[in-house]
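Input: a single structure, listed below in structure tokens.
The values are calculated or read from the model by the stated rules, or taken from the named source; none is laboratory data. These numbers were taken from a predicted model, which means no experiment stands behind them. Glycine gets a Cβ as well: all are built from the backbone with ideal geometry, and neighbour counts include every protein chain shown.
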Amino acid sequence: MEAVPLLITLGTAVVLARPLLAGLPERANFAGRAVRFPAGVLVIAAVVVALVPLGLIDQLSDGEEVWQLNGEIGIGGVFAFVLGCAALGLMDDLLGGDDRGLRGHGAALAQGRISTGALKAVGVLGLAAFTLSGIGYGLGEYLLAVALLTLTTNLFNLLDLRPGRSLKVLVVLGIVLSVVELDSLWLLGLFAGPLLVLLPFDLHEDGMLGDTGANAAGAVAGLWLVLALGTLAQGIALLLVTIFTLYGEFRSISALVDRSPPLRWLDSLGRLKERPHV
């Protein structure tokens with residue numbers, strides 16, 4: 001039963017994927033190949049179309065027990081956060097310049113400009129603060145969850161530097177957290193479905209997620225951590241996410257992956273080794 005939203009949005013995304021991506025413009029990826037961009041818009045499109053059957057399910061079930069998880073974050077909060085983060089990513093994809101990372105956004109501010117990346121970062125923080133407010137957290141728990149949600153979303157932007165990398169991390173994380181707490185899949189499966197459909201397109205360099213897709217993946221990952229983990233485990237997760245975020249800001253995550261044979265194997269799994277330039 002928990003997998004119903006996942007299956008509905010998965011099917012919707014399968015139907016929409018190729019015609020939607022075919023209409024997107026192209027942009028050069030890390031290897032200089034022309035790739036459809038931003039493929040992450042499939043997440044937004046598939047979810048809103050899937051609301052037609054999901055709305056019927058909600059009506060027939062009266063919604064209360066189906067779309068509310070243990071009195072915590074409900075479907076409204078999930079929609080506001082994930083779609084809001086995806087929209088902020090789309091803004092950065094369409095309007096963003098070359099400013100990247102904390103240093104890039106700081107340099108833009110020093111020049112009297114506000115980068116779209118900085119607006120995106122502050123917007124994610126605002127969405128996290130709003131989504132987690134008023135659901136019974138104490139102040140310490142609230143600040144911890146907001147920090148974890150915000151930094152996890154940002155981390156997935158740093159991970160999305162090679163085809164399939166960020167979505168693979170989401171898949172592994174989702175499997176682990178579903179073992180810990182399966183109920184979260186009911187809410188987050190709405191967005192996990194389209195992201196799973198995007199994985200082969202991302203791996204085969206037929207579509208590039210862009211910040212639209214990376215933000216959506218990071219938002220789902222962050223919500224999953226908050227919903228599935230207790231306070232202590234969230235604190236440990238926040239420490240790890242902070243370490244990886246700082247590393248990614250000042251060092252190369254791709255270089256780190258390349259130096260580790262197991263990580264290099266997992267990172268390259270399913271990715272095309274050779275493909276002619278187009």
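Number of residues in the stretch 34-68 that are assigned to a helix (DSSP H, G or I) and modelled with pLDDT under 75: the value is 2.
Only a single criterion out of (1) in a helix (DSSP H, G or I); (2) surrounded by 22 or more Cβ atoms within 10 Å (Cβ to Cβ) is not satisfied by Leu199, namely (2). Residues in the stretch 155-177 that are in contact with a Gly (Cβ under 7 Å, 6 or more places away or on another chain) and buried (at least 22 other Cβ atoms within 10 Å of the Cβ): Leu155, Phe156, Asn157, Gly164.
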